[in-house]
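The values are calculated or read from the model by the stated rules, or taken from the named source; none is laboratory data. No experiment lies behind these values; they were computed from the predicted model shown. Heads up, the Cβs are rebuilt from the backbone with ideal geometry, glycines too, and the neighbour counts pull from every protein chain shown. SASA here: full protein model, heavy atoms, side chains in, ligands and nucleic acids out. Shrake-Rupley method; radii C 1.70, N 1.55, O 1.52, S 1.80 Å.
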Amino acid sequence: MEKSYTLKRCASTLLLVLFVLFSLSAQTEFKEYHGRVVDGRTNKTIEAANLSINTTNISTITNSEGEFSLKVPNNYLDSKVAVSFLGYTTYVVLLSELSDDNQTIELYEVITELSAVNIAAYKNASNLIRKVFFGKSENKDEESVFMTAFYRETIKRRNRNVSLTEAVVNILKQPNWTPQRDDIQLGKARKSTDYTRLDTVSVKLQGGPFSTMYLDIMKYTEYLFTEESINGYDFTFDKPSTLNNRAVFVVDFSPKNKQLTVNYSGKLFIDVESLALVSANYFLDLSNRDKTKNLLVKSKPRDVEVYPLEAIYKVDYKQKDNNWYYSYSNLSLTFKVNKKRQLFNKVYTLSSEMAVTDWEVNSTGEKIKNKDKLRPSVIITDAISGFSDPNFWGEYNLIEPDKSIESAIDKIRKNIEKEKDRERKKNTNIK
């Protein structure tokens, strides 16, 4: 009997050792780089700068403080990383020359001059925009792709984080020319919410991965322009810019008379050579309070009115071979919530962003199973325990959390420890 017990204990020990060795091996299958991207002249941090590993589809972006975290599989460590941002010269460096930690990368603004031929080709900005958005059916060679993306959503009440959601999602991205919608599958997620401050019983703000997915206005053009509503906008050329050392048209747009149901204003950035949209920054006109009341809200009680105070949107695209693919999007929505018979109103800000960190062409025609598809109205399952694990994301690339999010995560971790202490004391008293 003793011999059998000893054998079992040895076997268990061996399995534990093997598991630890496997874990250590798994942890060293990639190398992680940290740093920040700044303007080389002013030293100001650059938000949403793109870092891409050459010859791969692996990438990440900088956070609001210009910081980045980039995880590179060991078999690509002899590759180069390209750091790019609209209006700046692209910086390319060997990974072997990049330090593991606290690397500062400087980008420099570039002045772009278009040739007389480029200028003469599109003197009318409105014609150019129609070509970009409503000529997309010509690109029939575009294929569906499977994307891995990192999604983060925060909700603040005034200046305090009250809800934080992070997720890795798999996206089956359909070509722009097909009416078939994109599918999203949840990979890994964690979420924590202070319901006492969020007051979610009253108002459900629009959020979730689909809110950022629908900012892909080359796929979902109708969310910004339709062939009818585009006539209600003025388009004018601004100074040209540069992305990845390629010339870019810059077009400002604004509503002619604000008579549309929803009015947007902003900038569109268009690659001169391919006429592909490379980026868009725009905002919703909220000057008419009665017209925008309860806009962008999924549900609310009858005695509550919600007034959006600000709605800002951004989307970026990345070139691969002869096609441009959705790469990054973010939105920031600020609401004022008024409830009858309450003296003070509440102000919430919802911020969502999603960055594609890897992708591959769906050459086999694979699909996401219906049971695995997220609904556009999804609420990601609460998985608070994830915030206590610093290695929760493993090899997944993500958007480095800024200081305010790190602070929120620290508070969540402390709350977890408090809950554990309460449970331990409760169990001790029971015994």
Within the range 298-307, is even one residue open to solvent by 60 Å² or more (accessible area, probe 1.4 Å) and without any contact (Cβ under 8 Å) to a residue 24 or more places away in the chain?
yes
Within the set of pairs 6+ apart or on separate chains, which have a first residue in the range 248-264 that is farther than 11 Å from ASP238 by Cα and free of Cβ contacts under 8 Å to residues at least 60 places away in the same chain, a second that is part of a loop (DSSP other than H, G, I, E, B) and of a type in the set (A, V, I, L, M, F, W, C), and C-beta atoms under 7 Å apart?
TYR264/LEU224
Across the range 259-297, what is the total count of residues that are within 21 Å of ASN127 (Cα to Cα), at pLDDT below 90 and open to solvent by 60 Å² or more (accessible area, probe 1.4 Å)?
1
Filter the range 391-431 down to the residues that are within 15 Å of ARG190 (Cα to Cα) and of a type in the set (A, V, I, L, M), then identify the one that is farthest from the chain's Cα centre (by Cα).
ILE416
Exactly one of these conditions fails for THR62: (1) crowded, with 16+ Cβ neighbours inside 10 Å; (2) within 27 Å of VAL315 (Cα to Cα); (3) at pLDDT below 95. Give me its number.
(3)
For GLU366, the lone unmet condition from (1) surrounded by 15 or more Cβ atoms within 10 Å (Cβ to Cβ); (2) at pLDDT 80 or above; (3) not β-branched (Val, Ile, Thr) is (1)
Which one is nearest to THR221 (Cα to Cα) among residues in the range 325-349 that are surrounded by fewer than 20 Cβ atoms within 10 Å (Cβ to Cβ) and among the hydrophobic types (A, V, I, L, M, F, W, C)?
VAL347
Test ASN118 against the criterion of being at pLDDT 80 or above and under 21 Å from ALA276 (Cβ atoms), and give yes or no.
no
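Limited to the range 220-237, what total is found for residues that are open to solvent by less than 60 Å² (accessible area, probe 1.4 Å) and more than 15 Å from VAL262 (Cα to Cα)?
Result for the range 220-237: 2.
Residue-wise test of (1) modelled with pLDDT under 95; (2) touching a helix residue (DSSP H, G or I) at 6+ places or on another chain (Cβ under 8 Å); (3) buried (at least 16 other Cβ atoms within 10 Å of the Cβ); (4) not aromatic (Phe, Trp, Tyr).
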| position | (1), (2), (3), (4) |
| --- | --- |
| MET1 | yes, no, no, yes |
| LEU18 | yes, no, no, yes |
| VAL38 | no, no, yes, yes |
| ASN50 | no, no, yes, yes |
| LEU77 | yes, yes, no, yes |
Listing of strands (runs of 3 or more DSSP E) fully contained in the range 58-110 that carry 3 or more residues being of a type in the set (D, E, K, R) and under 24 Å from the mean Cα position of the chain (by Cα):
none
